[in-house]
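Colleague: Here you go, one structure.
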Amino acid sequence: MTDTTAPDPNRTIATPSVTVPQHPLSRRMRGWIGWLLLIVLLAWSWNAAEMFRVSALLADWRNMAEFGAAFLAPDFHDWDTYLADMVVTVQIALWGTALAVFFGIPFAILCSSNIAPVWIVQPLRRMMDACRAINEIVFALMFVVAVGLGPFAGVMALFVHNLGIFAKLFSEAVEAIDPRPVEGIRATGAGRLQEVIFGVIPQVMPLWSSFTLYRLETNVRSATTLGIVGAGGIGQTLYESIRSFHYAETAAQVIIVILAVIAIDMASARIRKILV
Amino acid sequence: MLLTIEGLTKRYGTGDAALNGVDLAIPAGEVVGLIGPSGAGKSTLIRCINRLVEPTAGRVFLAGDEVTGRRDLRFMRRRMGMIFQEFALVERLTVMENVLSGRLGYVPYWRSLLRRYPAADVQRAFATLDRVGLLDHVDKRADALSGGQRQRVGIARALLQQPDILLVDEPTASLDPKTSRQIMRLICEVCAERSLAAVVNMHDVALAQMFLSRIVGLRQGRVVYDGPSNGLTPEVLTVIYGEEDWTRSAQRDDDVADEDVHGARPHGREPLAAVG
C-alpha cells in the first residue's frame, strides 16, 4: 500500500451495538405448521389413491417389460395412417384455438376491471371460470352427444374450454397495461371502443400472441386425447391399439405424437421469441 | 372569454378538496402558466377542464359552451388538445399513428377501425409533423424516440385535433433542461401561430417566467395569485409555496441550462434553488 490517500484499513467506525430482534415464535411456527399440513394431506389421500399398490409396479413387471420391449421395436407399417391422424389432431387444435381467441377477445375486454364496470366483470368472470373448470375431455363427451362423433366435437370441446382460459389470460394482460396512453387517447375525444383499439390492444398484443401460441401447443397435446372419447384425431387410433394389446403399433403412434408435439413446441417457441 | 371556470371544486373519495372553488378566465390566444406546490391541484384542475377527472362542483365553459354536465363529451374533448408529462403516447404504434389518433374525436368509427383516415387528415398530420420537426421519424415506433421527440409527437397529436385550447400538464418534467426550453418554446410558438389559448402546468417557476406572461398560482386548491409573471416577488412566492429564501431567484441566469446539473431533478418545494 503506497497510496497514502487510501483509507486506513485499521480505522474502525464505531458501530452502536444493538440487539438483533428475533422473529417471534408464532412466525417461526408458521413454517412448521405448513409442512405438517402437507404431510397430513398426503397421508389422508394415501388409501383413496391406492398408493399401497405401489408394489404392483414391481409385481406386474412382466406387463411392464412387454410394454417396454415394444418401444424398442415399434411397428411403423401403418405410419401414413398415423401421420394423417396426427395432422387431423393438429387441425382440430388449430380451429379450437382460433375460435377461442376470436371469441375470447371481447370476453377478455369485458372481464377486465380497468375497462368494464364491476357488474359486467364479475358475472362474466364466473362464467369463464366455469368454462375453465371443466376439462376438454368432459366437454368432448358432451359434444359427441350433441353434434355426433368426429373431429368437430373435438374442436368445440377445445373452443369452450379455451374460451375461459383466453378470457382470463388476456384480461390479466389488459389489467396490467399502462393507463397513461389510454388517457392520452381518451383526451382526444375518442369513444370507448376507440380507446380499447388504439390505447389497449397495441399494448397487450405481444402478450396476447405469446399466450395464443402457448395455448396452441397445449391444445395439440390435449387434442391427442380427444379421440379416446370419439372426438377425432390420433387419440382414437391410440386407444384402439392399446385396448387390443398392439403394443408395437402403440409405440409407433406414441413416437409420432412425441415428434409432432416437439416440432410444434419448437416452432411456436421460435415465433414467440420473434413476437415478444 | 374562451375558457371560463366558475367555482370549480373537486373532492376525492378521502374527502380532501383538491380544488376549492377555482375561478379562472382565459381569453382566446392567451397562454397561462399554472404554478403551485405538489398537491396544490394543478393536475386536477387541468383534468377537470376536459373531465378526465369529474369535478364535484362548479362549471367550465369553452367558448360559451358548457363542458360540465353534458353527456356528449366527445365534442368538447376534441376541441381541447392535451399534452402530458409522460407523453401518453401508444409506444408500440408509429409516430404517424399516434399523431393521427388526434383525429379520433372527428372521424367516424368505421374509418378509425380500418385506419382509413381522410386524406386531408393525413396531409395535416404530415404538415404538423413537419412543423414540430419530426418529418424524418414518421414511420418510427414511438418507443424508438427520445423524450423530447416523444413530447413533440404529443404536441403534434394535440394540434391535429385543431383545438381551441391546449391543456398542458407538466410538459417538461420528464425532460432535461435544454430540451425543456425547446419544448416550451415550441408550445408557445405554435400557440402564437394558431392563436391558441393554453393552460400550462409547471413546477419550474423560472421556466414559467421565461416563457409565459400570465401566471396563476395555486395553493391547496385555491387561486392565490393571478397576474403577470414579473409580479412573482418573493412575497408572492411565499404565498404560493410557503416560507423559503426566494431572493436567490433574482440571480437567475439565462445560460444556466448548459451547466445546470440539478435541472432534471424535480424541485419540489424549492423550484428556484436549482437554477440559482
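Colleague: Only helical DSSP H runs with n ≥ 4 go in: add -39500 (n - 2.57) per run for chain B, normalise by residue count and round the 222 nm mean residue ellipticity to 500 deg cm²/dmol.
Modeller: Value at 222 nm, helices only: -9000 deg cm²/dmol.
Colleague: Continuing with this model, one more query. Residue B:120: net charge of surrounding residues, Cβ under 13 Å, Lys/Arg +1, Asp/Glu -1, itself excluded?
Modeller: +3
Colleague: Taking the Cα centre of the protein assembly as shown as the origin, how large is its charge dipole in debye, to the nearest 20, when only Lys and Arg (+1) and Asp and Glu (-1) carry charge on their Cβ atoms?
Modeller: Using only the charged Cβ atoms, the result is roughly 1240 debye.
Colleague: Cα convex hull of segment A:229-276: how many Å³ per residue?
Modeller: 70 Å³
Colleague: Which value, in Å to one decimal place, does the Kirkwood hydrodynamic radius take for segment B:136-254 when every pair of different Cα atoms is included?
Modeller: 15.9 Å
Colleague: Still on this structure, I have one more. As a test of the formula, what do you get for chain A when each DSSP H run with n ≥ 4 contributes -39,500 (n - 2.57) and the sum is divided by the residue count, at 222 nm and rounded to the nearest 500 deg cm²/dmol?
Modeller: -24000 deg cm²/dmol
Colleague: Mind jotting down a quarter of the surface of the convex hull over the alpha carbons of the protein assembly as shown, in square nanometres, one decimal?
Modeller: In nm², the orientation-averaged hull projection of the protein assembly as shown is 42.5.
Colleague: Additional query: For a quick check of understanding: with a 1.4 angstrom probe and all protein chains in place, what accessible area in square angstrom does residue B:211 have, to the nearest ten?
Modeller: Accessible surface of residue B:211 is approximately 50 Å².
Colleague: Could you please report the charge total around residue B:8, scoring K, R as +1 and D, E as -1 over all other residues with beta-carbon less than 12 angstrom from its beta-carbon?
Modeller: Around residue B:8, the surrounding residues sum to +3.
Colleague: Keeping every protein chain in place, order B:83, A:228, A:197 by accessible area at 1.4 Å, biggest value first, i.e. largest first.
Modeller: Putting B:83, A:228, A:197 in descending order of accessible area: A:228, A:197, B:83.
Colleague: Sort all Cα-Cα distances of chain B into consecutive 10 angstrom bins from zero, then give the percent of pairs in each bin up to the one containing the longest distance.
Modeller: Values per bin, smallest distances first: 7, 29, 34, 23, 7, 1.
Colleague: List the aspartates and glutamates whose Cα lies under 12 Å from the Cα of residue B:10, skipping any in the same chain that are fewer than 8 positions away.
Modeller: Straight-line reach from residue B:10, under 12 Å: B:54.
Colleague: Okay, next question. What do you get when you divide the Cα radius of gyration of segment A:114-237 by 2.2 N^0.38 Å, with N the number of residues?
Modeller: 1.31
Colleague: So what's the net charge close to residue A:180: Lys and Arg +1, Asp and Glu -1, counting the other residues with Cβ under 14 Å from its Cβ?
Modeller: Around residue A:180, the surrounding residues sum to -3.
Colleague: For chain A, modelled as a GNM with alpha-carbon contacts under 10 angstrom, which of A:132, A:221, A:30 fluctuates the most?
Modeller: A:30
Colleague: Within 10 Å of each Cβ in peptide B:92-99, how many partner chain Cβ atoms are there on average? Round it to a whole number, please.
Modeller: What the average comes to for B:92-99 is 2.
Colleague: Would you work out which of A:224, A:156, A:199 lies farthest towards the positive end of the dipole of segment A:79-275? Charges go on Cβ: Lys and Arg +1, Asp and Glu -1.
Modeller: Checked the options; the winner is A:199.
Colleague: How large is log10 of I(q)/I(0) for chain A at q = 0.12, 0.15 Å⁻¹ when the intensity is taken from the Debye formula with one equal scatterer per alpha-carbon?
Modeller: Here log10 of I(q) over I(0) equals -0.95, -1.16.
Colleague: To the nearest 20 debye, what charge dipole does segment A:54-145 have about its Cα centre, counting +1 at the Cβ of each Lys and Arg and -1 at the Cβ of each Asp and Glu?
Modeller: Computed charge dipole of segment A:54-145: roughly 680 debye.
Colleague: Using +1 on the beta carbon of Lys and Arg, -1 on that of Asp and Glu, and nothing else charged, what's the dipole of segment A:79-275 about the Cα centre, debye to 20?
Modeller: With only Lys, Arg, Asp and Glu charged at Cβ, the dipole is about 440 debye.
Colleague: Here is a further query. Hey, if we sort A:67, B:87 by accessible area with the 1.4 Å probe, largest down, what's the order?
Modeller: Per-residue accessible area, sorted high to low, gives A:67, B:87.
Colleague: Residue A:102 accessible area, nearest 10 Å², 1.4 Å probe?
Modeller: For residue A:102, solvent-accessible area is about 140 Å².
Colleague: Further question: Could you tell me the ratio Rg/Rh of segment A:83-141? Both radii from Cα atoms, Rh via Kirkwood.
Modeller: Taking Rh as the inverse mean 1/r over Cα pairs, Rg/Rh reads 1.13.
Colleague: Then there's this: Counting alpha carbon pairs within less than 8 Å and at least 6 residues apart, what relative contact order, in whole percent, applies to segment A:79-275?
Modeller: 29 percent
Colleague: Using a 10 Å cut-off around each Cβ of peptide A:54-61, what is the average number of partner chain Cβ atoms that fall inside?
Modeller: 0
Colleague: Take the alpha-carbon positions of segment B:87-162, form their convex hull, and give its projected area averaged over all directions (one quarter of the hull surface) in nm².
Modeller: Spelled out: convex hull of the Cα atoms, projected over all directions, averaged, 4.5 nm².
Colleague: As an exercise, use a Förster radius of 30 Å and the Cβ-Cβ distance of residue B:136 and residue B:192 to find the FRET efficiency, rounded to the nearest 0.05.
Modeller: Working from the Cβ atoms, E equals 0.75.
Colleague: Sticking with this structure for a sec: Quantify how strongly other chains surround peptide A:192-198 by giving the mean number of their Cβ atoms within 10 Å of each of its Cβ atoms.
Modeller: The shielding value for this peptide is 4.
The values are calculated or read from the model by the stated rules, or taken from the named source; none is laboratory data. All figures in this text were calculated on a predicted structure; none of them were measured in a lab. Because the Cβ atoms are built from the backbone with ideal geometry, glycine has one as well, and the counts that use them run over all protein chains shown. In case anyone asks, the SASA skips ligands and DNA or RNA and just uses the protein heavy atoms, side chains included. Shrake-Rupley method; radii C 1.70, N 1.55, O 1.52, S 1.80 Å.
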